[in-house]
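Enquirer: Below you'll find the structure I mean.
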Amino acid sequence: MNFITRFAPSPTGPLHLGHAYSAFLAHDMATARGGQFLLRIEDIDQSRSRPEWETAIYDDLHWLGLNWPSPVLRQSERGEAYTDALNQLWAWGLLYPCTCSRRDIETAASAPQEGAPIHGPDGLIYPGTCRPQTPDTTLPYPKNSALRLDISRALAAVAQNPLHFTETGAGSDGEHGAIHIPGTDLLTTVGDVVLLRRDMGTSYHLSVVLDDAAQRITHVVRGQDLFEATQIHVLLQHLLDLPTPVYHHHRLIRDAAGKRLAKRDDARAISKFRAEGATPADIRAMVGLRATLAPSSLQ
Ligand code: GLU
């Protein structure tokens with residue numbers, strides 16, 4: 001079977017045990033299936049990305065014993081592909097400029113007539129303040145504001161094909177197998193997500209979908225915290241006529257208090273364990289993976 005997966009860290013801090021688990025798992029799965037493990041540097045957030053963190057990523061991953069082919073795809077070099085896709089979506093009338101601040105959204109979303117504000121995978125569900133009746137489709141699209149995807153119009157554009165994906169891991173509620181994405185869920189629990197952030201010229205959702213397609217990823221292995229975002233990714237794949245990979249969302253590595261590890265959690269940085277004399281096998285054991293490849297370790 002054709003199996004291409006990737007590990008896609010952001011160079012905004014040290015890799016920690018959660019990254020090690022994700023990278024090991026993806027690498028193990030690729031090895032077990034005679035496939036490929038690719039690396040992608042997700043550095044669209046130039047205000048937080050640092051070259052020294054990128055160097056540290058290569059260094060830690062090599063130390064862990066992982067290998068990947070060159071060249072590595074870096075999102076900061078993919079601006080043209082992101083702009084092309086935004087041009088397309090804008091010309092189809094699926095995007096609109098939004099000048100709301102986070103404060104504006106909070107205020108509008110918590111207005112009494114709106115009921116309790118709902119949080120989706122992208123924060124508060126956008127209440128639609130800037131959504132036009134008739135979209136502007138004249139190119140170029142404005143660069144001085146965020147651009148949101150009009151979910152309702154986007155769903156109408158892909159109405160002939162049901163949205164679904166295959167999950168070989170598990171969502172946060174144990175979702176597994178064929179996952180159907182009802183349009184009503186996208187409308188009520190996701191809303192009009194931002195596809196162009198003014199400070200980035202793109203967004204996580206748009207870039208990840210375009211890059212997975214550009215790298216011909218067949219299997220996305222990543223943390224369970226991104227399970228809910230997958231419905232946005234599948235919708236974008238349908239809109240942009242891109243294949244939908246198989247998704248494998250894995251358990252999260254948590255600290256002693258049960259909290260998911262964060263970038264700032266230097267206490268669990270791989271580099272710290274290295275400095276203390278740990279071996280890559282120790283790191284595997286710490287994240288609950290067996291030392292040798294066995295199908296049961298691929299959970
Ligand atoms: N860059 C993301 C992270 O560091 C991963 C995104 C993905 O795997 O889709 O959490």
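Enquirer: Would you check which residues across the range 129-153 are part of a loop (DSSP other than H, G, I, E, B) and surrounded by 19 or more Cβ atoms within 10 Å (Cβ to Cβ) and list them?
Expert: The first filter runs over the range 129-153 and keeps only residues part of a loop (DSSP other than H, G, I, E, B), leaving 129-145, 150.
Residues satisfying the conditions are Tyr141, Asp150.
Enquirer: Another one. Identify the single condition in (1) in a loop (DSSP other than H, G, I, E, B); (2) of a type in the set (Gly, Ala, Ser); (3) within 21 Å of Val246 (Cβ to Cβ) that Ala178 does not satisfy, given that it satisfies every other one.
Expert: Of (1) in a loop (DSSP other than H, G, I, E, B); (2) of a type in the set (Gly, Ala, Ser); (3) within 21 Å of Val246 (Cβ to Cβ), only one is false for Ala178: (1).
Enquirer: Which of the residues belonging to the range 9-18 are closer than 18 Å to Met29 by Cβ and either polar (S, T, N, Q) or out of contact with any helix residue (DSSP H, G or I) (no Cβ under 7 Å at 6 or more places or on another chain) (or both)? Please lay out each step first, then the result.
Expert: Filtering the range 9-18 down to residues closer than 18 Å to Met29 by Cβ leaves 9, 18.
Result: Gly18, single match.
Enquirer: Now, a different point. Exactly one of (1) buried (at least 18 other Cβ atoms within 10 Å of the Cβ); (2) in contact with a strand residue (DSSP E or B) (Cβ under 8 Å, 6 or more places away or on another chain); (3) within 22 Å of Ile253 (Cβ to Cβ) is unmet by Asp43. Its number?
Expert: All conditions are met except number (3).
Enquirer: Same structure again: Specify which of the listed residues (Ala257, Ala281, Ala267, Ala291) is assigned to a helix (DSSP H, G or I) and at pLDDT below 95. First the steps, then the outcome.
Expert: Details: Ala257 fails: assigned to a helix (DSSP H, G or I); Ala281 fails: at pLDDT below 95; Ala291 fails: assigned to a helix (DSSP H, G or I).
Only one candidate qualifies: Ala267.
Enquirer: Across the range 198-228, which residue is surrounded by the most Cβ atoms within 10 Å (Cβ to Cβ) among those that are small (Gly, Ala, Ser) and more than 21 Å from Cys130 (Cα to Cα)? Working first, answer last.
Expert: Going residue by residue through the range 198-228, those that are small (Gly, Ala, Ser) are 201, 203, 207, 213-214, 223.
Adding the requirement that they be more than 21 Å from Cys130 (Cα to Cα) leaves 207, 213-214, 223.
Numbers: Ser207: 24, Ala213: 19, Ala214: 13, Gly223: 18.
The qualifying residue surrounded by the most Cβ atoms within 10 Å (Cβ to Cβ) is Ser207.
Residue by residue, here is whether (1) on the phi > 0 side of the Ramachandran plot; (2) among the acidic types (Asp, Glu) holds:
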| position | (1), (2) |
| --- | --- |
| Ile118 | no, no |
| Pro127 | no, no |
| Arg131 | no, no |
| Leu147 | no, no |
| Ser152 | no, no |
| His164 | no, no |
| Glu167 | no, yes |
| Gly174 | yes, no |
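Enquirer: Out of all the residues in the range 28-40, which are in a helix (DSSP H, G or I) and under 17 Å from Leu73 (Cα atoms)? Full working, then the answer.
Expert: Our first condition is that a residue be in a helix (DSSP H, G or I); within the range 28-40, this holds for 28-32.
Selection gives nothing.
Enquirer: Name the single residue, out of those in the range 203-224 being in a strand (DSSP E or B) and within 11 Å of the ligand (Cβ to nearest atom), that is farthest from His19 (Cα to Cα). Write out each step before concluding.
Expert: First, pick out the residues of the range 203-224 that are in a strand (DSSP E or B): 219-223.
So of that shortlist, the ones also within 11 Å of the ligand (Cβ to nearest atom) come out as 220-223.
Values: Val220: 14, Val221: 11, Arg222: 9, Gly223: 9 Å.
Of everything passing the filter in the range 203-224, Val220 is farthest from His19 (Cα to Cα).
Enquirer: Being of a type in the set (Val, Ile, Thr) and in a helix (DSSP H, G or I) is the filter; apply it to the range 85-112 and report the residue that is nearest to Ala157 (Cα to Cα). Explain how you work it out, then say what you get.
Expert: Pass one, the range 85-112, residues of a type in the set (Val, Ile, Thr): 99, 105, 107.
Now restrict to residues that are in a helix (DSSP H, G or I): 105, 107.
Numbers: Ile105: 26, Thr107: 31 Å.
Filtering first and then ranking leaves Ile105.
Enquirer: If you go through the range 185-201 one residue at a time, do you hit one that is over 17 Å from the mean Cα position of the chain (by Cα) and hydrophobic (A, V, I, L, M, F, W, C)?
Expert: yes
Enquirer: Further question: Which of the following residues is out of contact with any Lys or Arg (no Cβ under 7 Å at 6 or more places or on another chain), closer than 28 Å to Met286 by Cα and acidic (Asp, Glu): Asp60, Asp45? First the steps, then the outcome.
Expert: Numbers: Asp45 fails: closer than 28 Å to Met286 by Cα.
Exactly one of Asp60, Asp45 is out of contact with any Lys or Arg (no Cβ under 7 Å at 6 or more places or on another chain), closer than 28 Å to Met286 by Cα and acidic (Asp, Glu), namely Asp60.
Enquirer: Return the total of residues in the range 6-25 being touching a Gly at 6+ places or on another chain (Cβ under 9 Å) and small (Gly, Ala, Ser).
Expert: 2
Enquirer: Does at least one position in the range 225-247 carry a residue that is at pLDDT below 95, assigned to a helix (DSSP H, G or I) and within 13 Å of the ligand (Cβ to nearest atom)?
Expert: Yes, that holds for at least one residue.
Enquirer: Out of curiosity, is Leu195 modelled with pLDDT of 95 or more, surrounded by 22 or more Cβ atoms within 10 Å (Cβ to Cβ) and assigned to a helix (DSSP H, G or I)?
Expert: Judged against the criteria, Leu195 is not a match.
Enquirer: Spot the failing condition for Asp185; the list is (1) under 28 Å from Ala109 (Cα atoms); (2) surrounded by 15 or more Cβ atoms within 10 Å (Cβ to Cβ), and only one is missed.
Expert: Of the numbered conditions (1) under 28 Å from Ala109 (Cα atoms); (2) surrounded by 15 or more Cβ atoms within 10 Å (Cβ to Cβ), the odd one out for Asp185 is (2).
Enquirer: Something else: Of everything in the range 6-64, what is of a type in the set (S, T, N, Q) and within 12 Å of the ligand (Cβ to nearest atom)? Give them in sequence order. Break it down stepwise before answering.
Expert: At the first step, the residues of the range 6-64 found to be of a type in the set (S, T, N, Q) are 10, 12, 22, 31, 36, 46-47, 49, 55.
Passing the criteria: Ser10, Thr12, Ser22, Ser49.
The values are calculated or read from the model by the stated rules, or taken from the named source; none is laboratory data. Small disclaimer: the values here were computed from a predicted structure and weren't measured. Positions of Cβ are backbone-derived with ideal geometry, glycine not excepted, and every protein chain shown enters the neighbour counts.
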